[in-house]
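The values are calculated or read from the model by the stated rules, or taken from the named source; none is laboratory data. Everything numeric here is computed off the predicted structure, so don't read it as measured data. Here the Cβ is made from the backbone with ideal geometry for all residues, glycine too, and neighbour counts use every protein chain on show. The protein model used for the area step is the full one, side chains on, heavy atoms only, and it has no ligands, DNA or RNA in it. Shrake-Rupley method; radii C 1.70, N 1.55, O 1.52, S 1.80 Å.
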Amino acid sequence: MKYDYDLFVIGAGSGGVRAARIASQAGARVAIAEEYRIGGTCVIRGCVPKKLLVYGAEFSQAFADAPGYGWTVQSASFSWATLRDNVQKEVTRLSGLYNTNLLKAGVTAYEERAELVDAHTVKLKKSGSELTAERILIATGGAPSLPADLPGIEHGITSNEAFLLEKFPERILIVGGGFVALEFANIFHGLGSQTRIVHRGDRMLRGFDDDLRAHLHIESERLGIGLAMKTTVTRIEKTGGALRVTLSGGETAEADQVLFAVGRHPNTQGLGLDRAGVKLDSAGAVIVDEYSQSCVESIYAIGDVTNRTNLTPVAIRDGHAFADSVYNNRPTPVDHRSVPSAVFGRPPIGTVGLCEADARHSHGEVDIYRTNFRPMRNMLSGNQERTLMKLVVERSTGKLLGVHVAGEDAPEMIQLAAVAVKAGLTKKQWDSTFALHPTAAEELVLMREKVADPK
Ligand SMILES: Cc1cc2nc3c(=O)[nH]c(=O)nc-3n(C[C@H](O)[C@H](O)[C@H](O)COP(=O)(O)OP(=O)(O)OC[C@H]3O[C@@H](n4cnc5c(N)ncnc54)[C@H](O)[C@@H]3O)c2cc1C
């Protein structure tokens, strides 16, 4: 045979594993290489361990809410070591399942780093062996970025290390304004850390609807999470057992950990893509077409390394579509529009479709429906957390362009709202749905009054 494999996949994360399995089941001879742990970011140090920590952090609010419902919770205490180790056990179990599924599908797994030698050859770094393949799939994901020139940056951590901390930080400073920053702020705050977010922008969660962003600022401050906007870190020093952080205004703050969540970059450095002639964009992402094919015929790329929509379900869909297109004779372009997303903060956010500003920009006249209320579940407890819901509707057609919720269970609601947005339903069709009472979600189909147009 001309090549050792039909397909060589670099990176056993969400996208790579799916592509490898589907291609192998279609009859291709497939190998996959993984330099860290099989399962990738989502399973090992992203969505899964993060969500488990979110569940852990939610208990403090449940304990605070309990007396209003007649419960007395005495001397509740928290053990970071127990939560951390239980989360890691689950991560290891899932990684094992991914491994088993690859084996069952007939994929050969190499647990080491792979780099490209040319358009059909990869080199395994540990063993030094070179393997050839008719096609190579780059599924190497992304990695947290760090401001390398910041004095004292060696004392900072990223989300990668946050899951494995030896000691629970009593005080944590989180640098960044995206969903990872906000989620970790809520995790550590919920578990008992004194938490502060430092962000160079004037508001968190760029790219989300402005009303949601404002709501999350109000709720975070009400919870007691410190928000220092338009602020950067200029120096970190170790002082005894703690860290002294100097901020751009000259203020210094003490913390036990400084977590940087300032963005991620595609994992393409040192991969040898230049040797194969693969073109990257200015952010270092592999440029691909709608079938995930790069400018080199034999090389494809999927998931975060292409920096399209950096979410697990997208990487999985990219990987599946690639395998269907190439090995199942079913050309499948991926439509990256209307991908629902969540921020597992307090309150959690679920969102799908266009935010108001983008909708006004791309669709002209839009109607806005909005409600802001304290949900029934918070009445007896005295919990002041409020829920915000918002619909963005195209005025000329009545089509739902966006659904945005910040409130308990918002991500669960939005998974279903995404069906309506993806299907292009109108607000009239949405409203013809019966409410389900008593829920918070029923408010979504009961918003009758438009918000007056901004003057
Ligand atoms: C803290 C955090 C929370 C997140 N939460 C969510 C969430 O709630 N929901 C959601 O949808 N998404 C979430 N994401 C994003 C999600 O994890 C990614 O979008 C998804 O994992 C991308 O899948 P992928 O297959 O492209 O890459 P990855 O899952 O990153 O897999 C790439 C793999 O390639 C390996 N690799 C890299 N280079 C090489 C090489 N040269 N040789 C061999 N192996 C290599 C890496 O070790 C890695 O295992 C989160 C991310 C982070 C960081």
(request) Select the strands (runs of 3 or more DSSP E) contained entirely in the range 204-280, then report the ones holding at least 2 residues which are open to solvent by 20 Å² or more (accessible area, probe 1.4 Å). (result) 226-228, 233-239, 242-247, 252-255, 264-266
(message) Could you check the range 384-419 and list, in sequence order, the residues that are buried (at least 17 other Cβ atoms within 10 Å of the Cβ) and assigned to a loop (DSSP other than H, G, I, E, B)?
(response) 385, 386, 407, 408, 409
(message) Of the residues 91, 73, only one is part of a helix (DSSP H, G or I), of a type in the set (Val, Ile, Thr) and either more than 12 Å from the ligand (Cβ to nearest atom) or at negative phi (or both); which?
(response) 91
(message) Six or more apart or on different chains, Cβ atoms under 8 Å: show the pairs whose first residue is in the range 294-310 and without any contact (Cβ under 8 Å) to a residue 60 or more places away in the chain and whose second is near the ligand (Cβ under 10 Å from one of its atoms) and not hydroxyl-bearing (Ser, Thr, Tyr).
(response) 306/266; 306/318; 308/314; 308/318; 309/339
(request) Those residues that are away from the ligand (no atom under 15 Å from the Cβ) and not polar (S, T, N, Q), I need them from the range 20-44; list them, please. (result) 26, 27, 28, 29
(request) Give just the number: which of (1) out of contact with any Ser or Thr (no Cβ under 7 Å at 6 or more places or on another chain); (2) on the phi < 0 side of the Ramachandran plot; (3) surrounded by fewer than 21 Cβ atoms within 10 Å (Cβ to Cβ) does residue 3 not satisfy? (result) (1)
(message) Among the residues that make up the range 170-185, is at least one of them touching a Ser or Thr at 6+ places or on another chain (Cβ under 6 Å), open to solvent by 10 Å² or more (accessible area, probe 1.4 Å) and over 26 Å from residue 346 (Cβ atoms)?
(response) no
(request) Working only within the range 294-314, note down all residues that are under 15 Å from residue 133 (Cβ atoms) and open to solvent by 40 Å² or more (accessible area, probe 1.4 Å). (result) 297
(message) Of the residues 134, 154, only one is open to solvent by 30 Å² or more (accessible area, probe 1.4 Å), away from the ligand (no atom under 11 Å from the Cβ) and part of a helix (DSSP H, G or I); which?
(response) 154
